[in-house]
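What follows is calculated from the coordinates using simple rules that are stated; it is not laboratory data. Predicted, not measured: the structure shown is a model, and the values here were computed from it.
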Amino acid sequence: MDQLSQTFSALADPTRRAILARLATGAATVGDLAEPFDMSLPAVSRHLKVLTEAGLIGRSTEAQWRRCSLRGEGFRAAAAWMEIYRRFWEQQFDQLDAFLKRTDPKPSKGKRNARRKP
């Protein structure tokens with residue numbers, strides 16, 4: 001599987017996205033990451049393995065603790081891919097804005113003056 005597909009596959013799961021959201025606030029142990037989920041520690045470990053293989057998190061060992069942290073470079077390919085489409089949509093919205101400005105009906109001077117008369 002190519003890197004971009006692996007990244008989006010990892011991001012497709014809501015549990016993995018929740019883990020990434022937690023790691024966005026700082027590094028955490030596997031136990032800390034598992035705490036909010038109603039699943040076994042091995043199940044959380046499988047999610048962490050997917051995130052690690054996708055390059056989205058890094059794992060390190062400190063004494064008996066396994067710490068996880070975000071790896072920004074893992075998001076780079078996905079962000080670059082999405083940037084193409086962000087620019088596309090921005091151009092589409094700019095074109096829509098220009099069209100709406102061109103076709104905006106302006107009130108005629110006669111109508112404005114008619115409203116001001118008592």
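Anyone know which of Leu51, Leu41, Leu11 comes out most mobile in the 10 Å Cα GNM of the chain?
Leu41
Over the Cα atoms, compute the radius of gyration (one decimal) and Dmax (the largest Cα-Cα distance, rounded to a whole number) for the chain, in Å.
Just the Cα atoms of the chain yield Rg and Dmax of 25.2, 85 Å.
Of Gly74, Gly55, Gly31, which has the largest mean-square fluctuation in a 10 Å C-alpha GNM of the chain?
In this elastic network of the chain, the residue with the biggest mean-square fluctuation among Gly74, Gly55, Gly31 is Gly31.
With runs of 4+ DSSP H residues as the only contributors, calculate the mean residue ellipticity of the chain at 222 nm using -39,500 (n - 2.57) per run, divided by the residue total and rounded to the nearest 500.
Details: 6 runs with 76 residues, N = 118.
Result for the chain: -20500 deg cm²/dmol, rounded to the nearest 500.
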